[in-house]
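The values are calculated or read from the model by the stated rules, or taken from the named source; none is laboratory data. Everything numeric here is computed off the predicted structure, so don't read it as measured data. In this analysis, Cβ positions are derived from the backbone assuming ideal geometry, glycine residues included, and neighbour counts consider all displayed protein chains. Ligands, DNA and RNA are stripped out before the accessible areas are found, and what is left, the full protein with its side chains, is counted by its heavy atoms. Shrake-Rupley method; radii C 1.70, N 1.55, O 1.52, S 1.80 Å.
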There are 2 protein chains.
Amino acid sequence: MNTEEERQAGLAMEGDEDLAGPPTKQELDLNQFLPYRLNSLADRISQALAELYEERYQLNIAQWRILAWLSHCDELTAKKICAYTYMDKARVSRAIQGLEERGLISRTPAPEDQRQQDLHLTAAGRKLLTKLIPEAQAWEAELVATLTAGEYRDLLNVMRKLERQLERIGEKG
Amino acid sequence: MNTEEERQAGLAMEGDEDLAGPPTKQELDLNQFLPYRLNSLADRISQALAELYEERYQLNIAQWRILAWLSHCDELTAKKICAYTYMDKARVSRAIQGLEERGLISRTPAPEDQRQQDLHLTAAGRKLLTKLIPEAQAWEAELVATLTAGEYRDLLNVMRKLERQLERIGEKG
DNA sequence: GCTAGTTAATTTCCTGTGCAACTAATTTTG
DNA sequence: CAAAATTAGTTGCACAGGAAATTAACTAGC
């Protein structure tokens, strides 16, 4: 009922006029502005997917990311997770806390350095991922269903380029 | 000093082995998982750019988006902004409040419907954008500097596809 | 071996934002 | 035309998350 209007409003304006090239006047078409478009799209994807693990598994995004990394690496510390995911360490700390309380991961002080703690999936955590991961992959598959294999590959490549460039910019500015 | 380690940690693991195709085992490589990669990239871009207008113009993202839309459309209501940007109406409401207090926009009750209010840039708002927009565009230009024209165009096309698919998924699930 | 500095992780404080309840204006229905 | 339903925008509340202070474990310098 309420979706109708918003649906078409989404990208309705800005039909086709001045298709390419950034405007030079003192106006900015956000729909042609990559940072905005990218963020808007990513937010919507992230939020839609978040419902999958929020509603059905009571996991927030940070927790889900940590679980996914653990499924992949099997031994991590909070520090490493911060570095890999670019998440704030406070956020990571709280996510870990929640996961441990629910018995999905275990943490034991690292033998070589008592400050850090080794993180591991528990049996329960592994079991949960056994259900969750295929669902997430199915959801992704549906999302990219309209892309050709080439488009998908190119997309990842371009994203990698942007990531690298982002670091280059960060070094200077 | 501190960047060194994190820099290379970013995508260091997962070098080249099993380059393509999603894994079928019970593990998930987040670096191959589009929703994660996209969100991570978009977040970093957004946050980096946010500093541009936070530090130098005291604008948060919501405010900046509204200004940009106003530079483009010149007459809007909060409702429309919500529809265009997918932002929550409370967020939009507060952003508008801040912009008005700073004299960057004006709002007048719409003659045909007293509930809604027409939003306009003030002279001050327009002046601020005169400085800000070129900076934002320059920043974007630097970000995409390593992309070819074709890659840039394809990227936007693929994003449009994803947006449309996202709506299709949303209708069902 | 003790002091100063560093580092991993936690905690505190505070801001921004989503949700839901609300207000006020408008439209619809009977 | 009055009552009910809808709609634009605001506000209260709770919570997530970032910055900075804090704690605890380690390292370096003397």
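Just give me the residues in segment B:53-72 being more than 17 Å from residue A:29 (Cα to Cα) and either facing chain A (nearest Cβ under 9 Å) or open to solvent by 30 Å² or more (accessible area, probe 1.4 Å) (or both), in sequence order.
Hits for segment B:53-72 are B:54, B:55, B:56, B:58, B:60.
Filter segment B:119-150 for residues that are at the interface with chain A (Cβ under 8 Å from one of its Cβ atoms) and more than 20 Å from the chain's Cα centre (by Cα) and give the result.
B:126, B:146
Select from segment A:73-99 the residues that are of a type in the set (A, V, I, L, M) and either over 22 Å from residue B:31 (Cα atoms) or surrounded by fewer than 16 Cβ atoms within 10 Å (Cβ to Cβ) (or both) and list them in ascending order.
The first filter runs over segment A:73-99 and keeps only residues of a type in the set (A, V, I, L, M), leaving A:76, A:78, A:81, A:83, A:87, A:90, A:92, A:95-96, A:99.
Across segment A:73-99, the qualifying residue is only A:90.
For segment A:120-173, what are the residues that are open to solvent by less than 60 Å² (accessible area, probe 1.4 Å) and of a type in the set (Val, Ile, Thr)?
A:122, A:133, A:144, A:146, A:158, A:169
How many residues, within segment A:73-114, are outside any helix (DSSP H, G or I) and more than 14 Å from chain B (Cβ to nearest Cβ)?
Summing the residues that are outside any helix (DSSP H, G or I) and more than 14 Å from chain B (Cβ to nearest Cβ) in segment A:73-114 gives 13.
Which one of these is within 13 Å of DNA strand C (Cβ to nearest atom), out of contact with any Lys or Arg (no Cβ under 7 Å at 6 or more places or on another chain), closer than 19 Å to residue A:35 by Cα and modelled with pLDDT under 95: B:54, B:112?
Among B:54, B:112, only B:54 is within 13 Å of DNA strand C (Cβ to nearest atom), out of contact with any Lys or Arg (no Cβ under 7 Å at 6 or more places or on another chain), closer than 19 Å to residue A:35 by Cα and modelled with pLDDT under 95.
On the basis of being open to solvent by 60 Å² or more (accessible area, probe 1.4 Å), over 28 Å from residue A:66 (Cβ atoms) and of a type outside the set (S, T, N, Q), does residue B:102 make the cut?
When the stated conditions are applied, residue B:102 passes them.
Going by what's in this entry, would residue A:117 be described as assigned to a strand (DSSP E or B) and surrounded by 15 or more Cβ atoms within 10 Å (Cβ to Cβ)?
Numbers: assigned to a strand (DSSP E or B): yes; surrounded by 15 or more Cβ atoms within 10 Å (Cβ to Cβ): yes.
So residue A:117 passes the test.
So for segment B:65-82 (the condition being at pLDDT 95 or above, farther than 21 Å from residue B:123 by Cβ and either within 9 Å of DNA strand C (Cβ to nearest atom) or of a type in the set (Asp, Glu) (or both)), does at least one residue qualify?
no
Of the residues that make up segment B:79-97, is at least one in contact with an Asp or Glu (Cβ under 9 Å, 6 or more places away or on another chain), at negative phi and touching a residue at least 24 places away in the same chain (Cβ under 8 Å)?
No, because not a single residue in segment B:79-97 is in contact with an Asp or Glu (Cβ under 9 Å, 6 or more places away or on another chain), at negative phi and touching a residue at least 24 places away in the same chain (Cβ under 8 Å).
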